[in-house]
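Notes for the one structure printed next.
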Amino acid sequence: ASVLETESGRVFVKGIPTDHPQVGAQRREAAISPHLPAPCPRLYWHLELDGWSLLGYEVVDGRHADYAPGSPDLPLVEAALTELQAVTAPADIEIKDAVDRWADYAPPGTLQYFSGDILLHTDFARENVLIVGKQARLVDWAWPTRGAAWIDPGALTLRLMDSGHPVAEAVAFAGRFPSWRDAEPEALAAFGAATAALWQEIAEEDEIPWKRRMAERAATLAYVLAKG
């Protein structure tokens, strides 16, 4: 990744070899870009030449979001996610369905809760949210997903816990979104169980501290959501 100074202005370029296993994610990111809401950086172009897949974005001079309790960034993150919650996933782009993404982790008989037509980001790591002035901008759209709207507030909840929020406070933040408030308790419990199973698998495959920590947070969230 680099920032290029060109005759027509600055461009942020990210590239990956066309024979790389993850090149499909880069192509999905390019395909979904025209459908993203305003808080997302604009994609200027997508080129594939000389063995490289290249995306050229507007340069966003910002910093990673601060998720700590009481952070002034939290209302900005809420505003950005609120806008995204109203975006329907485009039907003409081949992106992952939430039912398929969580099929190996959700409890039996619960996958129907994950179904929906909203465009989801699903990865609200601080590095994927840039604060520019008084706006939060969502970046890294390598894994867009079509599914139930409440999934994104749930994904954000886990990241808030990892930034120091008690689980009850993090869940209350998710409750600011109508999709989460209106979801059936069984759906939220299924999400908690699936998230815990996913992070447990991740931590077992690579026992670095932050992944073990996320698995512990996910288990705590699953326990609270199961209690309703």
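The values are calculated or read from the model by the stated rules, or taken from the named source; none is laboratory data. Not measured: the values here are computed from a predicted model. Don't worry about glycine lacking a Cβ; one is built from the backbone with ideal geometry, like all the others, and counts go over all protein chains shown. Accessible surface areas use protein heavy atoms only, side chains included; no ligands, DNA or RNA. Shrake-Rupley method; radii C 1.70, N 1.55, O 1.52, S 1.80 Å.
LEU225 satisfies every condition listed in (1) modelled with pLDDT under 95; (2) more than 19 Å from the chain's Cα centre (by Cα) except (1).
Assessment of the range 90-102 against the conditions (out of contact with any Phe, Trp or Tyr (no Cβ under 9 Å at 6 or more places or on another chain) and hydrophobic (A, V, I, L, M, F, W, C)) yields at least one matching residue. With respect to being buried (at least 23 other Cβ atoms within 10 Å of the Cβ), of a type outside the set (S, T, N, Q) and touching a residue at least 12 places away in the same chain (Cβ under 8 Å), LEU111 falls outside the description. Taken together, SER2, SER8 contain a single residue that is of a type in the set (S, T, N, Q), over 24 Å from ALA149 (Cα atoms), surrounded by fewer than 16 Cβ atoms within 10 Å (Cβ to Cβ) and out of contact with any strand residue (DSSP E or B) (no Cβ under 6 Å at 6 or more places or on another chain), which is SER8. I'd like to check something: does the range 179-194 contain any residue that is assigned to a loop (DSSP other than H, G, I, E, B) and either out of contact with any helix residue (DSSP H, G or I) (no Cβ under 9 Å at 6 or more places or on another chain) or surrounded by fewer than 18 Cβ atoms within 10 Å (Cβ to Cβ) (or both)? Checked against the condition, which is being assigned to a loop (DSSP other than H, G, I, E, B) and either out of contact with any helix residue (DSSP H, G or I) (no Cβ under 9 Å at 6 or more places or on another chain) or surrounded by fewer than 18 Cβ atoms within 10 Å (Cβ to Cβ) (or both), the range 179-194 yields at least one hit.
Residues are listed down the side, and each one gets a yes or a no for (1) surrounded by fewer than 15 Cβ atoms within 10 Å (Cβ to Cβ); (2) at positive phi:
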site	(1), (2)
ALA38	yes, no
PRO41	no, no
TRP45	yes, no
GLU48	yes, no
GLY51	yes, yes
GLU58	yes, no
TYR67	no, no
GLY70	yes, yes
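The selection criterion, being in a loop (DSSP other than H, G, I, E, B) and either open to solvent by 30 Å² or more (accessible area, probe 1.4 Å) or at positive phi (or both), does not hold for ALA79. Selection of first residues in the range 158-178 that are farther than 13 Å from ARG126 by Cβ and at pLDDT 95 or above and of second residues that are open to solvent by 50 Å² or more (accessible area, probe 1.4 Å) and hydroxyl-bearing (Ser, Thr, Tyr), restricted to Cβ pairs under 6 Å at least 6 apart or on distinct chains, gives the following pairs, ordered by first then second residue: VAL167/THR220.
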